[in-house]
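Student: Once you've had a glance at the structure underneath, I'll fire off some questions.
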Amino acid sequence: METLYILELCDTSGEHKPIARFNSSTPFIAVNIGDRFDDTGWDRLDGVGVIASSQLPKRYIVHSIKHLILSDSDKLIIKYCLNLQPFTGPSSPVWG
């Protein structure tokens, strides 16, 4: 049975809706509550396109994580939903 991994990112400010989604045939790296998670050029799901870049990232902190395991007729879907809060704190000189 094929496995599909989905990383779905939700911005908890405003309408609290999915803003980006990434699919993979392999698992994503582990993410923890409190981790920084920066938008460095995601194509937004709401049709507004790319609103950030590696030079001007939109910065977030992981607020909470939801895990879903769904079984389709021919594949297993493992979905990670990250709820992200905007982060406006100081930037690390190492990470930006």
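Student: Regarding segment 65-73, can at least one residue be identified that is in contact (Cβ under 8 Å) with a residue 40 or more places away in the chain and in contact with a strand residue (DSSP E or B) (Cβ under 8 Å, 6 or more places away or on another chain)?
Tutor: Within segment 65-73 (the criterion being in contact (Cβ under 8 Å) with a residue 40 or more places away in the chain and in contact with a strand residue (DSSP E or B) (Cβ under 8 Å, 6 or more places away or on another chain)), the answer is no, since none of the residues qualifies.
Student: Take segment 20-47 and flag every residue that is at pLDDT below 95 and of a type in the set (S, T, Y).
Tutor: Scanning segment 20-47 gives a single hit, T40.
Student: If you go through segment 52-66, how many residues are more than 12 Å from the chain's Cα centre (by Cα) and of a type in the set (S, T, Y)?
Tutor: Here the count works out to 2.
Student: Go through segment 87-96 residue by residue and tally those that are surrounded by 10 or more Cβ atoms within 10 Å (Cβ to Cβ) and either within 22 Å of F28 (Cα to Cα) or among the small types (G, A, S) (or both).
Tutor: Count: 2.
Student: To continue, here is another question. Wholly within segment 1-86, which strands (runs of 3 or more DSSP E) include no fewer than the required count, namely at least 3 residues that are open to solvent by 50 Å² or more (accessible area, probe 1.4 Å)?
Tutor: 17-24, 58-71, 75-86
Student: Does at least one position in segment 61-72 carry a residue that is at pLDDT below 90 and acidic (D, E)?
Tutor: yes
The values are calculated or read from the model by the stated rules, or taken from the named source; none is laboratory data. It should be emphasised that the depicted structure is a prediction, and the values quoted were computed from it without experimental measurement. FYI the Cβ positions are ideal-geometry reconstructions off the backbone, even for glycines, and counts take in every protein chain you see. Each accessible area value is taken on the protein alone, full model and side chains, heavy atoms only, with ligands, DNA and RNA left out. Shrake-Rupley method; radii C 1.70, N 1.55, O 1.52, S 1.80 Å.
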